[in-house]
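**Student:** My questions all concern the structure below.
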Number of protein chains: 2
Amino acid sequence: MDEFFYEALNQARKSYNEGGIPIGSVLVYENKIIGKGHNQRVQKSSAILHGEMDAIENAGRQPVYVYKNSVLYTTLSPCPMCTGTILLYGIPKVIIGENQTFLGSEDLLRQHGVEVVVLNSQECIDLMKKFIEEKPHVWDEDIGV
Amino acid sequence: MDEFFYEALNQARKSYNEGGIPIGSVLVYENKIIGKGHNQRVQKSSAILHGEMDAIENAGRQPVYVYKNSVLYTTLSPCPMCTGTILLYGIPKVIIGENQTFLGSEDLLRQHGVEVVVLNSQECIDLMKKFIEEKPHVWDEDIGV
């Protein structure tokens, strides 16, 4: 397993172990992780810190060339908010753990020329399925349904 | 001037007076402000706290019916990130101060059935123009250019 995807999955597991939503993400620039994070809805009562947002926020303020040469790894297909953030900053490539438990705005990413890779990771699927079964209302809240 | 738009503009002015990007926003549910905020790039070194995001975050965790019956006021046309957040939560109406200094993803909002009202506020235009002239690089960073 790719070391960066492994760290995104690690972040997802960490969040699950904290009682939170198990979605993790890392932002990679020049082959180094510059930001990592996980969903913070439960942990920080946050409406906007999805895994991708947390990783991007933890990377701090960056000039545009950093984003335009970065890869975002995330364990789950990015929702419209995270998709919009990827498009705002021009992140050119997104590697996604799975899109079976939730399919985000991958079409919109592709329409804007973003390279989208879906790994179909069974570990990501199992972790999300377990969480959704245990806390369906928290999950619904996270995706606005 | 509408009291809610006035508060969004107040938030923008507050941010300007703090040395930050002058964009403010409020989220209104049942005729009451449940979240207000402003761009926090400078103040909190944030890559994701645009005015709209800050207001939504400050509203805290909300069930979906709150978002689906809310109105978002913002002094500037929403970027792709903020647009995606509006779509994620199904906020049905967005009232925008101006879209002359920056045109966001209003088309995408309308395509998804969001009611978009643009006020063409001269105060919002003047405030943004002044900031962009004073700190063009901060502004570029905020919109990923």
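The values are calculated or read from the model by the stated rules, or taken from the named source; none is laboratory data. As the structure is a prediction and not an experimental result, all values here were calculated from the model. Cβ sites come from the backbone with ideal geometry, for glycine too, and all protein chains shown count toward neighbours. Quick note on the areas: whole protein, heavy atoms, side chains included, nothing else; ligands and nucleic acids left out. Shrake-Rupley method; radii C 1.70, N 1.55, O 1.52, S 1.80 Å.
**Student:** Report the residues of region A:68-105 in range of a label on residue A:129: point 7 Å along Cα→C-beta, backbone N strictly under 18 Å from it.
**Tutor:** A:75-77, A:97-103
**Student:** Tell me, for the rotation carrying A onto B, which chain A residue has the beta-carbon closest to the axis and what that distance is in whole Å.
**Tutor:** A:84, 1
**Student:** Just to be sure I understand: with springs between alpha-carbon atoms less than 10 Å apart, which residue in A:116, A:94, A:64 has the highest mean-square fluctuation in the Gaussian network model of chain A?
**Tutor:** A:64
**Student:** Past the 15 angstrom mark, what percentage of all C-alpha to C-alpha distances in region B:10-67 do you count?
**Tutor:** Details: 729 of 1653 pairs.
Counting every Cα pair in region B:10-67, those more than 15 Å apart make up 44 percent.
**Student:** Need one number: % antiparallel among DSSP beta bridges in the protein assembly as shown, to the nearest 5. Present the calculation step by step, with values, prior to reporting the outcome.
**Tutor:** Details: 22 of 40 bridges.
Percent antiparallel among DSSP bridges in the protein assembly as shown is about 55.
**Student:** Hey, another quick one. By the scheme Lys and Arg +1, Asp and Glu -1, what is the net charge of all other residues having a beta-carbon under 13 Å from that of residue B:12? Working shown, then result.
**Tutor:** On the way: positive: B:13, B:14, B:36, B:129, B:130; negative: B:7, B:18, B:52, B:54, B:98, B:123, B:126.
Local charge sum for residue B:12: -2.
**Student:** Calculated from DSSP H runs of 4 or more alone, at -39500 (n - 2.57) each and per residue, what is the 222 nm mean residue ellipticity of chain A, nearest 500? Let's see the in-between values first.
**Tutor:** Working: 8 runs with 67 residues, N = 145.
Rounded to the nearest 500, the figure is -12500 deg cm²/dmol.
**Student:** Please give me the summed charge of the neighbours of residue A:109: other residues whose Cβ is under 11 Å from its Cβ, Lys and Arg +1, Asp and Glu -1.
**Tutor:** On the way: positive: A:93, A:110; negative: A:106, A:107, A:115.
Local charge sum for residue A:109: -1.
**Student:** Is there a simple number for the mean count of other chain Cβ atoms within 10 Å of the Cβ of residues in B:84-96, and what is it? Don't skip to the end; give the middle numbers.
**Tutor:** Details: counts 14, 11, 3, 8, 15, 9, 2, 1, 0, 0, 0, 0, 0.
Average neighbour count from other chains, rounded to a whole number: 5.
**Student:** Still on this structure, I have one more. Just grab the label-to-label distance for residue B:140 and residue B:69, each label 7 Å out from Cα along the Cβ direction, in nm (one decimal).
**Tutor:** 4.7 nm
**Student:** Ignoring ligands, DNA and RNA, how much accessible area is buried between chains A and B, both sides summed, with a 1.4 Å probe, to the nearest 100 Å²?
**Tutor:** 2600 Å²
**Student:** As I understand it, the value is the acute angle between the Cα axis of helix A:122-134 and the longest principal axis of the Cα atoms of chain A; what does it come to in degrees, rounded to 10?
**Tutor:** The angle comes out at about 40 degrees.
**Student:** Give the accessible area for residue B:36 in Å² (nearest 10); use a 1.4 Å probe, count only protein heavy atoms, and leave out ligands, DNA and RNA.
**Tutor:** We get 100 Å² for residue B:36.
**Student:** In chain B, what is the count of Lys pairs whose alpha carbons are under 18 Å apart, counting only pairs at least 8 residues apart or on separate chains?
**Tutor:** So the count works out to 12.
**Student:** Extending each Cα 7 Å along its Cβ direction at residue B:14 and residue B:43, get the distance between those two points in nm, one decimal.
**Tutor:** It works out to 0.6 nm between the two label points.
**Student:** Next question. Between the helical axis of A:80-89 and the dominant principal axis of chain A, each derived from Cα atoms, what acute angle in degrees is found, rounded to the nearest 10?
**Tutor:** Rounded to the nearest ten degrees, it is 20.
**Student:** If you build the convex hull over the alpha carbons only and average its shadow over all orientations, what do you get for chain A? Give it in nm² to one decimal. Mind showing how you got there, number by number?
**Tutor:** On the way: hull surface 30.4 nm².
The directionally averaged projection comes out at 7.6 nm².
**Student:** Over the Cα atoms of the protein assembly as shown, what Rg and Dmax result, in angstrom?
**Tutor:** My reading of the Cα-based Rg and Dmax gives 18.1, 57 Å.
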